[in-house]
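Taken together, the values in this text are just the output of simple stated rules run on the coordinates, not laboratory data. All of these numbers come straight from a predicted model, not from anything done at the bench. In this analysis, Cβ positions are derived from the backbone assuming ideal geometry, glycine residues included, and neighbour counts consider all displayed protein chains.
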Amino acid sequence: MIDFQQLSNKYDTPLYVYDFNEISKNYYELKEAFKARKSMLCYAVKANSNLSLLKHLAVLGSGCDCVSIGEVKRALVAGVQRYKIIFSGVGKRDIEIKEALQKDILMLNLESEEEMYRVEKIAQELKIEARISIRVNPNIDPKTHPYISTGLHENKFGVDIQSAKKMYLYANRSNSLNPIGIHFHIGSQITQTTPFKDAAIVIADLLKSLKAANIDIKFFDVGGGVGIRYKDEETISLYEYAQNIFESLGNQDVTIVCEPGRYLVGNSGYLVTKVLYEKRNDKKRFVIVDAAMNDLLRPSLYRAYHDFELISAKDSKEKSLADIVGPICESGDFLAKDIYMQETQHDDIIVMKSAGAYGFSMSSNYNSRPRAAEVALVDGKDRLIRQREAIEDLLRLEIDFI
Ligand code: LLP
């Protein structure tokens with residue numbers, strides 16, 4: 001049991017708390033599912049990019065999937081080995097490509113033909129050979145929220161199979177490109193096995209034809225996307241997930257790369273917030289807390305549900321309908337909508353659960369709100385891993401031009 005009251009007394013609120021032991025457990029569970037074949041887990045840094053968290057995963061042996069040179073640098077600073085780092089993203093700038101090549105990471109995951117020519121040109125200038133993979137969009141519906149679906153042709157990600165074939169043939173002939181990987185990622189928070197299976201079959205088929213054309217692909221990257229339970233969602237069996245991938249590959253000799261984000265960190269994280277006030281009108285009851293959409297954007301952006309726990313000094317049993325809202329000047333600023341909860345009073349604690357993934361990493365300074373502090377729990381001990389921002393931190397980069 002985590003003592004959120006004590007943590008909030010010690011560190012103040014809003015506060016992110018991550019259970020690192022839980023993260024290790026999740027890492028080993030997923031690694032175990034893939035144990036029958038050569039595999040590598042590359043944590044998706046975007047889910048939660050805290051340096052201590054990355055370091056924790058690096059020690060377990062994790063690699064990293066990055067979507068900006070900033071994330072690549074974070075991974076390197078955290079001690080992730082460079083040959084376990086992949087750089088994806090639809091819009092890499094020249095400078096990002098150059099730096100990634102100079103850092104000699106495992107591979108750049110290309111998302112368009114034009115990007116391939118830029119990478120080739122930059123590699124030529126650097127007189128090196130760029131190791132690449134190509135993100136293939138298999139046009140498969142992941143059956144998730146449309147904002148986090150990525151594997152359909154209506155989404156901006158990757159290239160279709162025909163274009164991918166053309167790109168692989170070109171890259172294979174180029175002196176500055178070395179195609180070593182094939183990649184797909186169809187979406188996030190996926191709670192059914194079939195979309196993963198269908199995508200793996202399509203991409204494994206493409207892999208076979210590339211191998212037949214003597215293109216020596218070594219990494220079969222299945223992306224991330226494994227969903228977690230926020231409320232009462234069914235979750236997939238990791239065993240079945242991995243078996244389907246094995247089956248799609250048959251006896252093709254490749255290292256399977258998996259890029260989990262949410263699965264590793266989602267349910268290991270909490271956002272701790274304090275009640276400021278309650279108010280009611282003829283329509284609604286609002287519980288106003290000190291965390292807001294700038295701290296946890298998911299409810300506002302996706303209408304995502306996060307379960308919560310109220311730690312109240314009041315012993316009221318009766319529940320009534322309420323919204324948990326923040327201090328931000330937007331009607332869309334809520335952490336929970338139309339939920340049943342007990343009466344609260346000033347300084348009660350509300351813990352928003354499953355906030356470890358896409359929580360702090362999507363937070364902002366909107367309304368000049370300093371971002372929350374972050375604490376790690378390791379073997380029963382709490383450690384501050386990011387200081388609470390101060391207003392001075394927000395002002396630091398602004399220039400007094402008057
Ligand atoms: N690999 C690639 C190439 C990705 O684009 C992503 C996530 C992942 C791996 C990790 O996916 P995961 O295992 O976490 O599902 N902000 C949204 C999620 C956006 C996911 C973007 N890409 C949310 O809060 O639900």
Task: Straight-distance crosslink candidates among aspartates and glutamates, where the alpha carbon sits under 15 Å from Lys84 and sequence neighbours closer than 8 are dropped - done: Asp65, Glu71, Asp104, Asp221, Glu259
Open item on the list: Quick check: from the Cα gyration tensor, does the chain come out rounded (a/c under 1.5), prolate or oblate?
Closed with: prolate
TODO: List the residues of the stretch 363-402 whose backbone N lies under 16 Å from a point placed 7 Å from the Cα of Lys25 along the Cα-to-Cβ direction.
DONE: 377-381
Open item on the list: What number do you get for the stretch 88-260 when its Cα radius of gyration is normalised by 2.2 N^0.38 Å, N = residues?
Closed with: 1.04
Task: Cα gyration tensor shape for the stretch 42-146, rounded if a/c is under 1.5, else prolate or oblate - done: oblate
Open item on the list: How far apart, in nanometres, would the label points at Arg229 and Glu398 be if each is projected 7 angstrom from Cα along the Cα-to-Cβ direction?
Closed with: 4.6 nm
Task: Given charges at beta-carbon only (K, R positive; D, E negative), |dipole| of the stretch 308-402 in Debye - done: 280 debye
- [ ] Could you check which residue among Pro370, Pro138, Pro260 shows the biggest mean-square fluctuation in a GNM of the chain with a 10 Å Cα cutoff?
- [x] Pro370
Open item on the list: Can you compute the charge dipole magnitude of the stretch 200-256 about its Cα centre, using +1 on each Lys and Arg Cβ and -1 on each Asp and Glu Cβ, nothing else charged? Give it in debye, rounded to the nearest 20.
Closed with: 160 debye
- [ ] Can you pull the one-decimal nm distance between simple spin-label points at Asn365 and Tyr83, each 7 Å off the Cα toward Cβ?
- [x] 4.1 nm
- [ ] Filter the cross-link list Lys35/Lys166; Lys208/Lys231; Lys10/Lys353; Lys73/Lys218; Lys283/Lys317; Lys103/Lys143 down to pairs whose alpha-carbon distance in this structure exceeds 30 Å.
- [x] Lys35/Lys166; Lys208/Lys231; Lys103/Lys143
Task: Within the stretch 90-146, trypsin sites (Lys or Arg not before Pro) in DSSP loop having at most 15 other beta-carbon neighbours inside 10 Å - done: Arg93, Lys103, Lys127, Lys143
Task: Charge dipole (the stretch 273-402, unit charges on Cβ, about Cα centre) - positive-most of Asn294, Ser354, Val378 - done: Ser354
Open item on the list: Using a 7 Å offset from the Cα along the Cα-to-Cβ direction at both Asn175 and Thr194, what is the distance between the two label points in nm, to one decimal?
Closed with: 5.1 nm
Task: Likely footprinting exposure, Glu318, Glu259, fewest C-beta neighbours within 10 Å first - done: Glu318, Glu259
Task: GNM top mover of Ile391, Ile161, Ile69 - the chain, alpha-carbon springs below 10 Å - done: Ile391
Open item on the list: Under the 0.36 nm per residue contour assumption, what length would be gained going from the current alpha-carbon distance of Lys121 and Glu99 to full extension?
Closed with: 6.5 nm
Task: Under Karplus coefficients 6.51, -1.76 and 1.60, residue-wise ³J(HN,Hα) of the stretch 56-71 in Hz, glycine/proline x - done: 4, 5, 4, 5, 6, x, 5, x, 9, 9, 10, 10, 7, 5, x, 5
Task: Gained length - Glu309 relative to Leu384, 0.36 nm times residue gap less alpha-carbon distance - done: 24.8 nm
Open item on the list: For Cα pairs less than 8 Å apart in space and 6+ apart in sequence, what is the mean separation divided by the residue count of the chain, i.e. the relative contact order in percent?
Closed with: 18 percent
- [ ] Show that you can apply the helix-only estimate: for the chain, add -39,500 (n - 2.57) for every DSSP H stretch of four or more residues, divide by all residues, and state [θ] at 222 nm to the nearest 500.
- [x] -9000 deg cm²/dmol
